[in-house]
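Everything below concerns the one structure shown next.
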Amino acid sequence: MSGIKIVTIGGGSSYTPELVEGFIKRYDELPVRELWLVDVPAGEKKLQIVGALAKRMVEKAGVPIQINLTLDRRKALEGADFVTTQIRVGLLDARVKDEKIPLKYGVIGQETNGPGGLFKGLRTIPVIMDICRDMDELCPDAWLINFTNPAGMVTEAVLRYTNRKKVIGLCNVPIGMKMGVASVLGVDQSRVHIDFAGLNHMVFGLGVFLDGENVTAKLIEKLSGDQSGITMKNILDLGWDKDFIKALGILPCPYHRYYYQTRTMLEHELEESQKSGTRAEVVKKVEEELFELYKDPDLSIKPPQLEKRGGAYYSEAACNLIHSIYNDKRDIQPVNVRNNGAIASIPDDSAVEVNCVITKEGPIPLAVGDLPVPVRGLVQQIKSFERVAAEAAVTGDYHQALLAMTINPLVPSDAIAKQILDEMLEAHKDYLPQFFKPVS
Ligand code: G6P
């Protein structure tokens with residue numbers, strides 16, 4: 001059969017119209033034959049709404065992409081070429097808890113960083129591993145492209161605890177940084193190149209180039225002040241201190257604010273959670289609005305309101321990646337892959353987010369050598385956290401989870417780590433069966 005079969009797990013997500021738009025735009029070079037949107041019963045209503053919009057979108061565009069909606073994951077996976085995962089175990093209610101509980105202890109409450117990130121990983125990794133087992137059976141040659149957060153920790157777990165070699169973790173932060181840099185420099189983004197290296201949500205631009213000229217120092221001059229101009233919709237842009245950013249000398253990602261500006265970010269989170277709720281509570285409202293729009297039978301394009309979400313443009317990254325694998329384009333894209341020595345101070349078998357040459361056989365990471373000394377330690381510490389967290393997610397071992405929580409740089413002490421851990425374990429009990437095995 002000619003054409004490509006794509007399966008999107010978590011297909012009822014409000015982000016799906018982006019993905020559909022991406023496939024429509026690239027149809028000539030990326031002939032998608034079938035797109036299967038898969039969800040769980042709790043997501044069925046959303047799946048039907050978003051699926052109907054997807055069907056209207058392909059019809060309007062006049063491309064022969066067949067859209068299938070199903071709750072039967074195994075049926076969808078049969079013979080797939082690419083599987084994308086965008087799931088949220090426990091839905092947004094779980095994210096509200098991830099963001100709120102740490103705040104009670106004076107600790108950053110964030111979807112992918114600190115205690116929140118740990119718990120999102122603990123809930124998500126076993127489900128993704130299940131998907132990998134199904135893929136090994138039903139579509140062994142397919143690529144797994146994971147957007148599910150925490151994407152770095154999830155990729156780490158797949159690489160180290162499953163048989164799946166064909167896995168790539170993907171994020172919109174690098175593409176967001178590139179767009180931000182282009183707008184700060186006032187140029188088209190096609191003229192910008194960034195040497196990305198680090199981890200997911202912990203990536204740095206080691207060098208920034210405009211038409212091939214290294215403009216890192218020039219760019220850095222422009223990032224100080226009240227706003228840097230480079231952020232994601234979900235992260236407050238505080239700007240960078242002029243002397244600090246100059247001393248750092250490389251481009252941090254928006255998530256670095258949680259590490260370098262912890263106190264201000266915490267104060268802001270506390271204020272927001274009183275005023276308008278945590279980010280997840282804001283997102284819930286945005287989602288409601290989006291799904292109201294999606295229901296409109298006259299809507300047959302991706303509505304611009306989707307750009308209010310932090311993950312905007314993720315499909316740009318996803319479709320570019322699938323396109324380059326399918327067509328063996330051998331262009332350079334930043335993705336999460338097995339390190340294989342690309343970053344010297346990170347274990348070879350760990351996931352890193354780094355520029356890769358994208359080929360039909362998969363991404364080939366470009367060797368970085370080592371990261372600059374001032375950031376090397378933080379990156380290593382987060383990698384240790386991710387490794388221990390992945391082990392905890394797989395084994396359900398309380399002590400590993402405690403270790404992960406305590407070594408996270410956003411958690412100030414072992415006593416606080418333990419309190420947060422215990423409260424969050426209890427709060428997320430329904431989605432953490434590995435920690436609550438019946439005693440035999
Ligand atoms: C950023 C991250 C994504 C994350 C999103 C959250 O863009 O890169 O990984 O999913 O923010 O956005 P939200 O609108 O859900 O807060």
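Only the coordinates and a few stated rules stand behind these numbers; no lab work does. This structure is a prediction, so every number in the text was calculated from the model and none was measured. So basically every Cβ, Gly included, is an ideal-geometry build from the backbone, and we count neighbours across all protein chains shown.
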Straight-distance crosslink candidates among lysines, where the alpha carbon sits under 21 Å from residue 275 and sequence neighbours closer than 8 are dropped: 97, 100, 104, 233, 284, 285, 308
Relative contact order %, region 114-199, counting alpha carbon pairs below 8 Å whose residues are six or more apart: 24
Neighbourhood net charge (10 Å Cβ-Cβ; Lys/Arg +1, Asp/Glu -1) for residue 202: -1
Where only alpha carbons of the chain are counted, the Rg and the Dmax (Å): 20.8, 65
Taking N as its residue count, the alpha carbon Rg of region 4-169 over 2.2 N^0.38 Å: 1.08
Low-density loop positions, GluC sites (Glu not before Pro), region 264-367 - DSSP coil, at most 11 other Cβ in 10 Å: 361
Cleavage-rule hits (trypsin sites (Lys or Arg not before Pro)) in region 333-419: DSSP loop, at most 16 neighbouring Cβ within 10 angstrom: 360
Value in Å of the Kirkwood radius, where region 115-238 supplies the Cα pairs that are averaged: 16.5
Separation of the residue 291 and residue 188 label points, Cα + 7 Å toward Cβ, nm: 4.0
Value of relative contact order over region 372-440, rounded to a whole percent, pairs C-alpha under 8 Å and six or more apart: 26
Region 249-273 residues near the modelled residue 381 label - backbone nitrogen below 20 Å, point 7 Å along Cα→Cβ: 249-267
Under 12 Å, Cβ to Cβ, from residue 341 - net charge with Lys/Arg +1 and Asp/Glu -1: -2
Under Karplus coefficients 6.51, -1.76 and 1.60, residue-wise ³J(HN,Hα) of region 202-213 in Hz, glycine/proline x: 8, 9, 10, x, 6, x, 10, 10, 10, 6, x, 9
Residue 45-residue 301 FRET efficiency (beta carbon distance; Förster radius 22 Å; 0.05 resolution): 0.50
Residue among 176, 11, 207 with the largest mean-square fluctuation in a Gaussian network model of the chain, springs linking Cα atoms under 10 Å: 207
Charge sum, other residues only, whose C-beta stays under 14 Å from residue 189's C-beta, Lys/Arg counted +1 and Asp/Glu -1: -1
Pair residue 1, residue 367: separation of 7 Å Cα→Cβ label points (nm): 4.3
Distance (nanometres) between label positions extended 7 Å along Cα→Cβ at residue 59 and residue 414: 6.3
Assigned charges on the beta-carbon of Lys, Arg, Asp, Glu; the chain dipole about Cα centre (debye): 180
Relative contact order computed over the chain (Cα-Cα under 8 Å; 6+ residues apart), in percent: 18
Amide H contacts under 5 Å for residue 66, placed H, 5+ residues apart: 34, 35
Dipole of region 4-169, positive direction: furthest Cα of 140, 103, 161, with charges on the beta-carbon: 103
Expected-Rg normalisation [2.2 N^0.38 Å, Cα atoms] applied to region 290-349: 1.70
Between region 144-167 and region 269-326, the Cα center-to-center distance that results, in Å: 23
Dipole magnitude of region 4-169, debye to nearest 20 (Cβ charges: Lys/Arg +1, Asp/Glu -1, about Cα centre): 360
Segment residue 141-residue 221, extension gain: residue separation times 0.36 nm, minus the distance between their alpha carbons: 24.1 nm
Under 22 Å from residue 166, Cα to Cα: lysines that are on another chain or at least 8 residues apart: 5, 75, 329, 360, 383
Zone of residue 68's modelled label, taken as backbone nitrogen in region 29-59 under 13 Å from a point 7 Å along Cα→Cβ: 33-39
Expected 222 nm ellipticity per residue - DSSP helices of 4 or more, -39500 (n - 2.57), all of the chain, to 500: -14500 deg cm²/dmol
